[in-house]
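Beneath this line is the structure, given in structure tokens, with notes to follow.
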Amino acid sequence: VKESGRNNISFYDPQMQIEILQRKQMENDLERAVVNDEFILFYQPQVSYNNGVVGAEALLRWFPLEQGIIYPNEFIPQLEETGLIILVGEKVLYDGCKKLQQWANTPEFSQLTLSVNVSSAQLLHEGFSSYVTQLINQFKIKPGKLKLEITESTFIENIDATVAVMNELANVGVQFSLDDFGTGFSSLSYLKSLPLTELKIDKSFIKDLLEDKSDMAISKTIVSLANSLGLDVIAEGVECIEQLQLLHQLGCNNYQGYYYNRASDADEFETFTRNYNKQ
Ligand code: C2E
Ligand code: CA
Ligand code: CA
Ligand code: CA
């Protein structure tokens, strides 16, 4: 009923109806995608200054039937809203751990680590740490090979529960990287309570690193913070050799970005790694 009278309240808003339908359609598509297993892990190399490719970040891609590729910014939020992130997140961890086992059994890849992104709903979902522990045992993964990437949003809501889950996993050797570091709003005090092993400098600080004095200062500060806390540090979004050289001067020795390679399917990642590490 349209009621745009005195109060200008409209109960029938065509635009809103369209958005509701589109959202419903997207939900149906995502449910089908889970059932049909249309999600695939891509891998982006993580390169150390002295040791070549030392690991990869697993980045999810959606291949709906005959429709090309869809990137995570377009479906991760919906997976989180619908709760489907739990199922998809389990698949990501399963496929990632399986890949780690394959690498462990291939001499040229046996040292590689794998970083997997974990949503807060996933980490706080009951049974998360036992699921990960079970995969580690099932695929006989060496401690330290699996890194979970979390963001501030993960612990900001429920720090106690988050710390508890992280500690359970840290005790079996799982590493934790703090992704998008410096972009959130929480205080630095949480760095004391979380069992982190790595800080990841967000790509927003790398983008204009060469021209922007503030970005340089922030990156430098993150590196020295990591050093003083005994944490590894890696920069994401490295696109050119100048950024790489500057980061090296700032003391950051691990890099990820298009300068090396985009995220690609496992075959391409492995070919890239084989060639890169041969040089
Ligand atoms: P993120 O974890 O911050 O991942 C880094 C993003 O930067 C990736 O985008 C990657 O492809 C992109 N990137 C890498 N190198 C460069 C570069 O040199 N320049 C620029 N401009 N971008 C670069 P992608 O793959 O589209 O993923 C977007 C976000 O989706 C991720 O951001 C992460 O938050 C989320 N995501 C991806 N896979 C998963 C997953 O399996 N689970 C969950 N929960 N989230 C995921
Ligand atoms: Ca990440
Ligand atoms: Ca990031
Ligand atoms: Ca991000």
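For the stretch 14-91 and the stretch 206-275, what is the separation of their C-alpha centers, rounded to whole Å?
About 25 Å separates the Cα centre of the stretch 14-91 from the one of the stretch 206-275.
Given H placed 1.01 Å from N in the peptide plane, which residues other than close sequence neighbours of Leu199 have an amide H under 5 Å from its amide H?
When sequence neighbours closer than 5 places are left aside, the close amide H contacts are Leu178, Asp232, Val233, Ile234.
Per-residue HN-Hα couplings for the stretch 94-101, Karplus 6.51 cos²θ - 1.76 cosθ + 1.60 at θ = phi - 60°, whole Hz, x for Gly and Pro?
Per residue, the Karplus-derived 3J(HN,Hα) values read 4, 4, x, 5, 4, 5, 4, 5 Hz.
Can you tally the net charge around Tyr258? Count Lys and Arg as +1, Asp and Glu as -1, for every other residue whose Cβ sits under 15 Å from the Cβ of Tyr258. Each step should come with its number before you reach the end.
Values: positive: Lys203, Lys207, Arg262; negative: Glu57, Glu236, Glu239, Glu242, Glu268.
Here the count lands on -2.
In debye, nearest 20, what is the charge dipole magnitude of the chain about its Cα centre with +1 on Lys and Arg Cβ and -1 on Asp and Glu Cβ, if you could check? Mind showing how you got there, number by number?
Values: 22 positive and 38 negative charges, 132 e Å.
Here the size comes out at about 640 debye.
Can you sort Cys252, Cys240 by 1.4 Å-probe accessible area, starting with the largest? Please report the intermediate quantities before stating the final value.
Working: Cys252 0, Cys240 35 Å².
From most exposed to least exposed: Cys240, Cys252.
Within straight cross-link reach of Lys192, meaning Cα distance under 14 Å, which aspartates and glutamates are found once same-chain residues fewer than 8 apart are removed?
Output for Lys192: Glu152, Asp160.
Over 18 Å between Cα atoms: which of Lys91/Lys147; Lys98/Lys145; Lys98/Lys278; Lys147/Lys207; Lys142/Lys203; Lys200/Lys220 fall into that group? All intermediate terms of the calculation are to be shown ahead of the outcome.
Working: Lys91/Lys147 16 Å; Lys98/Lys145 12 Å; Lys98/Lys278 25 Å; Lys147/Lys207 25 Å; Lys142/Lys203 29 Å; Lys200/Lys220 12 Å.
Long pairs (Cα-Cα over 18 Å): Lys98/Lys278; Lys147/Lys207; Lys142/Lys203.
On the protein heavy atoms, probe 1.4 angstrom, tell me the percent of accessible surface of the chain carried by carbon and sulfur.
On the chain, the fraction of accessible area on carbon and sulfur atoms equals 50 percent.
Over the stretch 14-74, calculate the relative contact order: mean separation of alpha carbon pairs under 8 Å at least 6 apart, over the residue count, as a percent. Let's see the in-between values first.
Numbers: 57 pairs, mean separation 14.2, N = 61.
RCO, the stretch 14-74: 23 percent.
Nearest 5 percent is fine: what portion of the DSSP beta bridges confined to the chain is antiparallel? Mind showing how you got there, number by number?
On the way: 14 of 34 bridges.
About 40 percent, rounded to the nearest 5.
7 Å from Cα along Cα→Cβ at both Glu66 and Gln15: what's the point-to-point distance in nm?
3.5
With θ taken as phi - 60° and the coefficients 6.51, -1.76 and 1.60, list the Karplus ³J(HN,Hα) couplings across the stretch 224-229 in order, rounded to whole Hz; mark glycine and proline as x.
6, 4, 4, 4, 5, 8
Want the number for Val35 to Arg262: 0.36 nm per residue separation, take away the alpha-carbon distance, what's left? Could you put the intermediate results ahead of the total?
Working: separation 227, 0.36 × 227 = 81.72 nm, distance 2.77 nm.
Residue separation times 0.36 nm, minus the Cα-Cα distance, leaves 79.0 nm.
How large is ³J(HN,Hα) for each residue in the stretch 116-129, as worked out from phi by the Karplus curve 6.51 cos²θ - 1.76 cosθ + 1.60 (θ = phi - 60°), to whole Hz, x for Gly and Pro?
10, 6, 10, 6, 5, 4, 5, 4, 8, 6, 4, x, 4, 5
The values are calculated or read from the model by the stated rules, or taken from the named source; none is laboratory data. The structure presented is a predicted model; accordingly, all values stated were derived computationally and were not measured. Because the Cβ atoms are built from the backbone with ideal geometry, glycine has one as well, and the counts that use them run over all protein chains shown. Areas reflect the complete protein model, heavy atoms only, side chains present, ligands, DNA and RNA absent. Shrake-Rupley method; radii C 1.70, N 1.55, O 1.52, S 1.80 Å.
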